[in-house]
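Some notes on the structure that comes next.
The values are calculated or read from the model by the stated rules, or taken from the named source; none is laboratory data. Since the model is a prediction, treat every value here as computed from it, not as a measurement. Cβ coordinates were reconstructed from backbone atoms using ideal geometry, including for glycine residues, and neighbour counts include every protein chain displayed. SASA here: full protein model, heavy atoms, side chains in, ligands and nucleic acids out. Shrake-Rupley method; radii C 1.70, N 1.55, O 1.52, S 1.80 Å.
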Amino acid sequence: MSTKRNFIDLQRHLKDRTRGAFSAAHTLLPYWHRVTHQWQLESAAEMIHSLFLINHTGDIFLEKHWKSVISRGVCDYFLEVKEKAVEPENVPPVLQTPHHYLISIYRDKLFFLSVIQTEVPPLFVIEFLHRVADTFQDYFGECSESIIKDNVVTVYELLEEMLDNGFPLATESNILKEMIKPPTILRSVVNTLTVLLFFPGSSNVGDKLPTGQLSNIPWRRAAVKYTNNEAYFDVIEEIDAILDKSGMTVFAEIQGVIEACTRLSGMPDLTLSFMNPRLLDDVSFHPCVRFKRWESERVLSFIPPDGNFTLMTYHVSSQNLVAIPVYVKQNISFFETGSCGRLDITIGPKQTMGKMVEGLMVTVHMPKAVLSVNLTASQGNYTYDLATKVLVWDIGKLNPQKPPNLRGTLSVQSGAPRPEENPALDIKLKIQQLAISGLKVNRLDMYGEKYKPFKGVKYMTKAGKFQVRT
Amino acid sequence: MSASSAFNDEKGGSSSVGEPEYGHDPASGGIFSSDYKRHDDLKEMLDSNKDSLKLEAMKRIVAMVARGKNASDLFPAVVKNVACKNIEVKKLVYVYLVRYAEEQQDLALLSISTFQRGLKDPNQLIRASALRVLSSIRVTIIVPIMMLAIKEAASDMSPYVRKTAAHAIPKLYSLDPEQKDQLIEVIEKLLADKTTLVAGSVVMAFEEVCPERIDLIHKNYRKLCNLLIDVEEWGQVVIINMLTRYARTQFLNPNINESLLEEGGEKTFYGSEEDEDEDDEDKDKKAEVATMAKRKPYVMDPDHRLLLRNTKPLLQSRNAAVVMAVAQLYFHLAPKAEVGVIAKALVRLLRSHSEVQYVVLQNVATMTIKRRGMFEPYLKSFYIRSTDPTQIKVLKLEVLTNLANETNISTILREFQTYIKSMDKDFVAATIQAIGRCATNIGEVRDTCLNGLVQLLSNRDELVVAESVVVIKKLLQMQPEKHSDIIKHMAKLIDNIQVPMARASILWLIGEYCEHVPKISPDVLRKMAKSFTNEEDIVKLQIINLAAKLYLTNSKQTKLLTQYVLNLAKYDQNYDIRDRARFIRQLIVPTEKSGALSKYAKKLFLALKPAPVLESPFKDRDHFQLGSLSHLLNAKAGGYQELPDWPEAAPDPSVRNVEVFTLLERVTTLTSVPEWTKCSSREKRKEKKVEKPFYSDSEGESGPTESADSESDSANGSESVSGSEVSGSGSESEESEEGSESEEEEEEEDEEKDKKKKKKELKKKPVQESESEQSSEEEEEERKHERKSKPRKSDSETESGDEEESESESSQSESDESESEAEVKKKKKAAQSKPPAKPVKTDGKKEKKEMSLLDLDDFEPAPSPQVTPVNSFLSSSLVTDLEGLSLSDSVLSPATIAPSSALKSYELLHRITGEGLSVEYCFSRQPFSPDANMVAVQIQFTNNATSDTKNLHMEDVKLQSGMRVKEFPEIELLPAGETTTAVMGIDFCDSTQAANFQLCTHTRKFFVSIQPPVGELMRPIFLTENEFKKEQGQLMGMNEITERLTLDVKCRNEHTIVQRVTTAANLSRVPCGSDKECRFAGRTVTSSSLVLVTVATKEEGAAQLTVNCEKMVIGTMLVKDILQALTQ
């Protein structure tokens, strides 16, 4: 029976297992048992009951309960599943145990595991957990086990403030920072923006309420003051593409994001307009953006939060052909006999709009049977991790005159069958000063304040999920 | 850092279970003696006088708590510090207290008084946090204290505190469900709150405490819809989910007559007569919407439409949970044609974190089964990357399979071909199953798929082959006769394939279709007999089956083989196999003992077996509300609220009407205009009120707030005046920028909404203006008394009143200021005599309305004599109202009166001609307080220029004789980009002549003119039906103008007619017994001449319009305007 597995419904499989194993007192009503027009009475309960932070080896290093304490034994169900999953990413985000539901996310090598007792939209919890991780990132510059342990009191206060009785209370970083001051020594922020995060001065935990809680603009703290008023916008586009063996585009699209950093005094009201807003097919906004204005005039009108934030994300209409900046010629083959294979990859510029392609990197997940590689790179260096079977070729800048090449032999475990599939290539690249879709910011106007801010816009194109099938 | 040191040093914890990190900590020797010593340390530090030491100790303790260590023995030491002045220490003490209070109830009680004190603190933050901690202490004994605290906080000035109160409700409920009834009262009160801050939290409380009480939502439904976009993200999710359920109980299925669509469409298209006839017959049964819905094309309830329209922008939210909530709302509530809008947003979420993808794909998979077309354009977005986690791959595969149809199958199969080569074998197996499903669903590609799968049989990977065999088996079952060569091919494979399931499948196939491969099958059995003992159980069973089938069809060749196999099986270790062998032997081998069954053996074994149906595991999952946990698990989770089926007939839509109070109030003020003139104390507010409607119609929603507390003293009709105060005052020109901005946004929405809002109601209010002053003075007395007796309540009223006036914080604070005076007075009175808190009563609708009007009066400053006529007017009208209760019963109420809806604004100065200054005006239809004979004109100035505009004022007014103008106060400064409003009054002398004047700034002058439509030259009055008839009788002949007309197609119901007429002219509805007639009444502003309008409807949209007015010019013009409004 072992082969016949129901892969489609891993979830149900797990559920059945747990149910069988613990012969739960938790009886499930058959789902066809529908009571028309009857509003059922259920015992009230909060949304998120408890949170556990678990590192990738399975140690629970922090717990927070918003109601009565739930024993950390509940995590055993999760840890069991985690053990079985080969990759941490393969742990299903939602698990069912006899008395609880476990919803987890995996971020930065940590599991954020929340315990739920009753019906709740799973995305609600997932999105909240990511918001918690974002907040840690924002506060401490990174979100790792050691940094959380180092700042455990701040973390605890944050969690206390972010949820009340399991329901999100304050999740805007501007507001949180007024209530709980971030650690004073800041680690460098991993950020594409050139400007460091600004933190409100040494003002202690306010005995006055953060104004945002009362205003219509809950994302901005009041009484912001700067000597230099600046507003920077980074337009970052990512190309998601799948190319087939012959280099033809199977699927390609552009996803863009506008990251903003505003350090403006008072209550500035900004209007950002584009030269060609028609390019944008689908958009999502930070809550500060006035949707009506966008609908009617295609301009972004908003009172920005203070500091860094994601103003909008967009998707470029798929009618437009997506320019693929590089071509990839590859030949990976394994010989039927002799337990070896050959690899030959060349990358050259295709549609780069005259800009330099930088940060070029090729990642290949080799089949398990590949023992070692013996390659020569015409440019850059390559590494092959024997344990994970990942080949990384770091090229750097793309030389248009002399397209970089990597070639050589692969040695395959003797006796193992010839790998069925050739590994796909993941390409990473960066092009500065270019939005590949052609999107251009027209102008930025500020109303409501008298000073003249310094304004800046930067463009960048990156490879997103850019994969070449071989 | 202290925290980190604490982390390493703190080895507290006497007996915690399962702490894996113990081992990783070198310092954790578990030296218990030193542990206790350390705790002594902490105790010492906590007892010290220095805050820094206390803070240090608390940090270490919190670090212990965070790691799950037991720190309960420190409770006495910690709880002492609950009153500590240092806010940092205090916060950490709170954290500790909430964690351990349950365990140490007695000691926890020591802290309660601190919180009770905190609840009275002037700082809202402290009030809120006191309530938060108090309600988080899960100690049953303090339930009454919590209850009291929640009730008080629910009427707090600060929305933040009210929000905390909403959060506290579920906490108390889970602690003591007995409190449910009282809590519901608080929820009801908070539901009426107008602030976005509170909305999400109170709906959350509603969902947890009393989700079955949908009746509480009715009155707040429209408000919730309109506030939605400004509520914080998490609240949005909760509200949207709740409204989905609400809509399912209150509206009709928009897809109900899909099948009847063509028929219905035709009818309307040709406007056939029979349809109209039917209508006539049905007219009396208007309430029975369901019957009509079956016969007529479906008409969506405007409230249903409102919900759909107001949630749609949220698809653009950055929060995946919000997007999903809107998507499920559309999926469950929208007409089929409109559901498509959600696809794009959901596809966007696929770019998000893998957990989000996982949940979204599950929901998309369910949606694709029902609405495949919706996602077809996004097919490629579901293509799989080799780096996706397996669970995502499998879900994407599921979606791709669901999306497959004749046109795209070739693309999909090509894509599948790539997947089959993947290194992730689980995924390959899933792909093969997917191919099998495509093949069963789409006949055209069955052979292609089959051939492809057969090729896979020579795959190197056994798992792939096995899965293919299993799928091929299923496919062959559909048309075995055509594929004997494939069966032969598979028979050959049996030598190589080792996977038991695959071997078993092949054997089954050969046995089942042995007549198609007569030569091969006995040979296969021979081979299997040879290897029988080494096979897996599942294969052995199939060998026995094969033997039995062959014995029955080809006994000559296989008799001996069969017996050999059965003998082997007889001695097998597995009892299933032994049983099977025994059973089959008895069945097929004829012996003298064998019963009647053996005759039928062939039928038993070789019966035609139905082909298996390969269907999606997501089929029928939409029983569950999409986006819910239950949907994801495909099992009902605790606390899941069933998504109700659509009702057969729509419940009464008028339950959501909330206009009543406001309208009533407004009318009262209108009719009493002259008396307001000298009332200086109110002037300021009056102006505010005048401006209000320009921005939003939220006044229309003030009702529930006011009604929340009210009950009893229905006799005090006079009080209703104050209601107008509350609802009327509002946004102010001085309000800060962000306030006006946000309101502008709202305005747009509201205007839209307003147009839709057709169902308005008002109780009949006869006019009795000639009331004596004396009686009203008596009432004045009464009112004072009343105020004294209910100061507490009035406080809350004031507060809630404030909220509704302005969603934006700025304008709110502004109004707070303006009312501070009133409050001070109230508080003084409150100090004099504090009454017991009155319980909220959920009484009949009727009574409540009266009450709300009364209570609001508490809010007013001391009455001045000038106001009396207002009171007298109202009191008398209320008296009549009470006498004639029948008039306001449900039959008439839906549309007794419709207020003016969206105010049309006109351009006074264009942005370009005004060099950046644009000016618009509208007729606010509010009384102009300085002079009752003037029409109030609200002017909105927007400075689009980059520089400030100064000294905005008017000059050089040129008027026709008799006309007068009251200029608006000079606006000293209008900064760039800002907007402000002002009100001016114009006495048009009952003519439509334009008022010309110059608009001056510090640099320029512009010539502008304001010309009123005739409908704005009047103000509404109230008449009873009898009075109306009497007055109409006196205005016959020359004063009566009658026109026949054909009503616009969209304007054939009462509500629309009322709405259009009241939009065209500032009139009020007069109640009328017949539903074929709509009557309206008003007086011209200057000369107070009566204007009476009657619209009598007949069959087929024919109607007759009658206008009675002694001013013939006005009458003629009005006829023209109304005609246009009704026929356009």
P(r) tail fraction, segment B:529-576 - alpha-carbon pairs more than 13 Å apart, %: 50 percent
Compute the length gained on full extension between B:Asp215 and B:Asp620: take 0.36 nm times their separation in residues and subtract their Cα-Cα distance, giving the result in nm to one decimal. 142.8 nm
Computed for segment A:326-432: size of charge dipole around the Cα centre, +1 on C-beta of each Lys and Arg, -1 on C-beta of each Asp and Glu, debye to nearest 20, value 360 debye
What FRET efficiency do you get for A:Lys355 and B:Asn255 if R0 is 45 Å and r is their Cβ-Cβ distance, rounded to the nearest 0.05? 0.30
So which residues in segment B:372-391 end up with at least 50 square angstrom less accessible surface once the other protein chains are there, compared with the chain by itself, probe 1.4 angstrom? B:Lys380, B:Arg385, B:Gln391
What's the center-to-center distance, using Cα atoms, between segment B:56-93 and segment B:407-444 in Å? 59 Å
Burial ranking of peptide ranges A:83-90, B:111-118 (average Cβ count within 10 Å, highest at the top): B:111-118, A:83-90
Please give the total accessible area that chains B and A bury against each other, computed with a 1.4 Å probe and expressed in Å² to the nearest 100. 12700 Å²
Give me the 1.4 Å probe accessible area per residue for segment A:326-432, excluding ligands and nucleic acids, in Å². 49 Å²
At least 10 Å² accessible surface lost relative to isolated chain, residues of segment A:418-453 (1.4 Å probe): A:Arg418, A:Glu420, A:Glu421, A:Ala424, A:Asp426, A:Tyr447, A:Gly448, A:Lys450
Long-range amide H partners of B:Val983 with built H, under 5 Å: B:Ile939
Protection proxy ranking, peptides A:159-172, B:164-177, average beta carbon neighbours within 10 Å, highest first: B:164-177, A:159-172
Percent relative contact order for segment A:326-432, counting Cα pairs under 8 Å at least six residues apart, stands at 38 percent
What does the average come to when, for each residue of peptide A:123-136, you count the partner chain Cβ atoms lying within 10 Å of its Cβ? 6
Around B:Tyr513, what is the net charge, scoring Lys/Arg as +1 and Asp/Glu as -1 over all other residues with Cβ under 14 Å from its Cβ? +3
Backbone N within segment B:485-506 under 16 Å of label point (7 Å from B:Asp523 Cα along the Cβ vector): B:485-496
How long are the semi-axes of the ellipsoid equivalent to segment A:326-432, from square roots of 5 times the Cα gyration tensor eigenvalues, in whole Å, largest first? 28, 12, 11
Let me know the shape class of segment B:466-569, please: from the alpha-carbon gyration tensor, a ≥ b ≥ c as square roots of the eigenvalues, rounded when a/c is under 1.5, otherwise prolate if a/b is greater than b/c, or oblate. oblate
Expected integer from the mean partner chain Cβ neighbour count at 10 Å over A:60-70 is 5
Among B:Lys370/B:Lys636; B:Lys90/B:Lys163; A:Lys428/B:Lys344; B:Lys904/B:Lys950; B:Lys393/B:Lys421; A:Lys64/B:Lys59, the pairs whose Cα-Cα distance exceeds 18 Å are B:Lys370/B:Lys636; B:Lys90/B:Lys163; A:Lys428/B:Lys344; B:Lys904/B:Lys950
Ordering of B:1091-1101, B:529-539 by packing [mean C-beta count within 10 Å, highest first]: B:1091-1101, B:529-539
Report the one residue of A:Val257, A:Pro268, A:His286 whose Cα lies farthest in the direction of the positive end of the charge dipole of segment A:242-302 (charges on C-beta: Lys and Arg +1, Asp and Glu -1; origin at the Cα centre). A:Pro268
On the accessible surface of segment B:322-410, probed at 1.4 Å, how many percent belong to carbon and sulfur atoms? 50 percent
Vicinal HN-Hα couplings computed from phi for segment B:164-175 (Karplus, 6.51 cos²θ - 1.76 cosθ + 1.60; Hz; Gly/Pro x): 4, 4, 4, 5, 6, 4, x, 5, 5, 4, 6, 7
Which residues does a label at A:Asn381 reach in segment A:348-364, if reach means a backbone N under 18 Å from a point 7 Å past the Cα toward the Cβ? A:359-364
At a 1.4 Å probe, what is the % contribution of carbon and sulfur to the accessible area of segment A:326-432? 51 percent
